[in-house]
Amino acid sequence: MPPPKILSKDEYPEFQYKPAHQFMRCHSHNDDPADGATKIWRCAFEPDVDDNEKWTGIVATCGGSYICLIDTHKGECKAKLLQHEDQYFDVLWCTVQFADKVNTNVLAAAGAEGRVTLIHPAKNKMFAHLPVFKKAYISCLRLHPANPNWLFCGADHGKIALIDTGLTGAVNYEISWQKVKLFHCTGTDIIQMVCKDNFLISAAQKGCYVWKMKNVHKDREDQPHDCQLVFPGSSSADNYCDGISLLDDSTVAVKFSKSASIFLWSLSVLSKKLTPVINIKPDLILPWVKTSEIYIDITSRDGLLVAGDHKGNILLYSIGEFLKNKSAYGDTETARCTLLWPSLKPDTSDPINKRLKKIDTPPLINHAQLSPDMKYLVACTDNNLVCIWSK
């Protein structure tokens, strides 16, 4: 494939990713290698149990009825967990201590059935299914920043449930879970969310919503959203807010499906009294792509913002200098590059792959994320591929 196209004047080493191993098709229905219909929605890197700034080399991916655990160093699927009656849309890791008081990684996954599935990957065991919603699917999960037992579960009917999984101190996988609080906004699909300080912020079908969390431990009443954030050109009904990422302690990135831009803004706008609608003047607007496709996520890590597109490409933006000194950044062009979709030819040496065909049409990148050490980039597509890029 051609080298990444650098759109800045100089060459930036942080952009130098290339395809690693094979692009993997491990979520196939009935293990059919020709399955190009299953959508892979999200991935999550397994943290080191003793240092969450490091990781194990394993990435969890979710799509269809499967959760896969992939060794990114070797390009091997180490485990494939199946739940026939569910379709998974999000997955995340939490590090907890069971009764043995040993740090342990637990994987949480959720999707079409409105429940959270808890998995102990070290034992290859699904051990709990928590029925959070009865008539809604869970589209996104977020770990509470201060409590590894608390999960935010965002659903398609405009509600976010904060649940206590009860994992800490559990004996023989027996847990007592509960709903702590319910946050809601009317008639919209919660697509993604972030939590910082006392604020819960969601990207949703009808816009970007904010809740100021008040006395969560004591006040169990359902809480409507406190305000809606309005961005330039975001007001049309079919312009979904489908991506949000916390860049650092004070800055958030938001993407709208049809705005062809990513908006970076400061949490300081929420420090004043919240009004029902707040018009946001972004600190920085990054050019994205024009497309009518929705549910293309954005992520970030250590000064790099990542966004896929509808043509199999991955866009990287170097925002570290902006985050260090916003006031002096001015109109400086942000360094960025595009990792172009490579030309793929299936490996047909294995008889099971004989039905595979060359992938001529680039897929939509639902989600792309950088590993904690920044050495790997994993992308999830709408044609059943887990794409591993490396430096």
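The values are calculated or read from the model by the stated rules, or taken from the named source; none is laboratory data. Computed from a predicted model, the values in this text were never measured in an experiment. Note that we place each Cβ from the backbone using ideal geometry, even for glycine, and neighbour counts take in every protein chain shown. Accessible surface areas use protein heavy atoms only, side chains included; no ligands, DNA or RNA. Shrake-Rupley method; radii C 1.70, N 1.55, O 1.52, S 1.80 Å.
Under 5 Å between amide hydrogens, built in the peptide plane, is the criterion, and for K39 it picks out G64 among residues at least 5 positions away or on other chains. Rounded to whole numbers, the Karplus 3J(HN,Hα) couplings from phi for the stretch 267-279 are 5, 4, 5, 8, 6, 8, 4, 7, 10, x, 9, 10, 7 Hz, using 6.51 cos²θ - 1.76 cosθ + 1.60 with θ = phi - 60°, and x at Gly and Pro. Each principal axis of the Cα cloud of the stretch 79-167 was evaluated for its coordinate range; sorted largest first, these ranges are 38, 30, 15 Å. Against the set [x] 50, 24, 20; [y] 30, 29, 19; [z] 40, 26, 16, the structure's computed semi-axes √(5λ) of the Cα gyration tensor in Å falls on [y]. Have a look at S257, S235, S139 and tell me which one the Gaussian network model of the chain (Cα, springs below 10 Å) gives the largest fluctuation. Top of the fluctuation ranking is S235.
The amide H of D48, built 1.01 Å from its N in the peptide plane, has K54, W55, T56 as neighbours under 5 Å, considering only residues 5 or more places off or on other chains. What net charge do the residues around K290 carry, taking every other residue with its C-beta under 15 Å from that of K290, with Lys and Arg at +1 and Asp and Glu at -1? Taking every other residue near K290 into account, the sum is -1. Looking only at GluC sites (Glu not before Pro) in DSSP loops with at most 13 other Cβ atoms within 10 Å, what is the longest site-free stretch of the chain? Counting at most 13 other Cβ atoms within 10 Å as exposed, the longest clean stretch of the chain is 86-220. Of the residues A335, F23, C241, the one whose Cα sits farthest toward the positive end of the charge dipole of the chain, with +1 on the Cβ of Lys and Arg and -1 on the Cβ of Asp and Glu, is C241.
Computed over the stretch 1-132, the quotient of the alpha carbon radius of gyration and 2.2 N^0.38 Å is 1.21. The amide H of K311, built 1.01 Å from its N in the peptide plane, has I365 as neighbours under 5 Å, considering only residues 5 or more places off or on other chains. With only the Cα atoms considered, the stretch 157-224 has a convex hull volume of 105 Å³ per residue. Here is the list for the stretch 169-273: trypsin sites (Lys or Arg not before Pro) lying in DSSP coil, each with at most 11 other C-beta atoms within 10 angstrom of its C-beta, are K218, K272, K273. Only the Cβ atoms of Lys and Arg (+1) and of Asp and Glu (-1) were treated as charged; on that basis the dipole of the stretch 216-302 about its Cα centre amounts to roughly 260 debye. Here the accessible area of the stretch 33-181 is 46 percent carbon and sulfur, with a 1.4 angstrom probe and all protein chains present. Cross-link reach is defined here as a Cα-Cα straight distance under 22 Å, omitting same-chain residues fewer than 8 places apart; for K375 the lysines meeting it are K5, K18, K54, K74, K78, K391. Across q = 0.13, 0.15, 0.18, 0.20 Å⁻¹, the stretch 83-225 modelled as identical point scatterers on its alpha-carbon atoms has Debye log10 I(q)/I(0) values of -0.54, -0.71, -1.01, -1.22, in the order of the q list. For the residue pairs K258/K324; K123/K181; K80/K123; K159/K281, the C-alpha atoms sit more than 23 angstrom apart in K258/K324; K123/K181; K159/K281. S250 sits among other residues whose Cβ lies under 13 Å from its own Cβ, and their net charge, with Lys and Arg +1 and Asp and Glu -1, is -1.
A 1.4 Å probe run over the protein chains yields, for the chain, 45 Å² of accessible area per residue, whole-number rounding. Inter-part distance, the stretch 304-320 to the stretch 159-225, computed on C-alpha centroids, equals 28 Å.
Projected onto planes of every orientation and averaged, the convex hull of the alpha-carbon atoms in the stretch 202-276 covers 5.7 nm². Using only side-chain charges placed at the Cβ, +1 for Lys and Arg and -1 for Asp and Glu, the dipole size of the chain relative to its Cα centre rounds to 440 debye. Of interest is the spacing of the C-alpha centroids, which for the stretch 116-131 and the stretch 20-77 amounts to 17 Å. Listed by chain and number, the aspartates and glutamates placed with their C-alpha closer than 20 angstrom to that of K311 are D35, D242, E293, D297, D360, D382; residues fewer than eight positions away on the same chain are left out. Label sites at D219 and D48, each approximated as a point 7 angstrom past Cα along Cα to Cβ, lie 4.0 nm apart.
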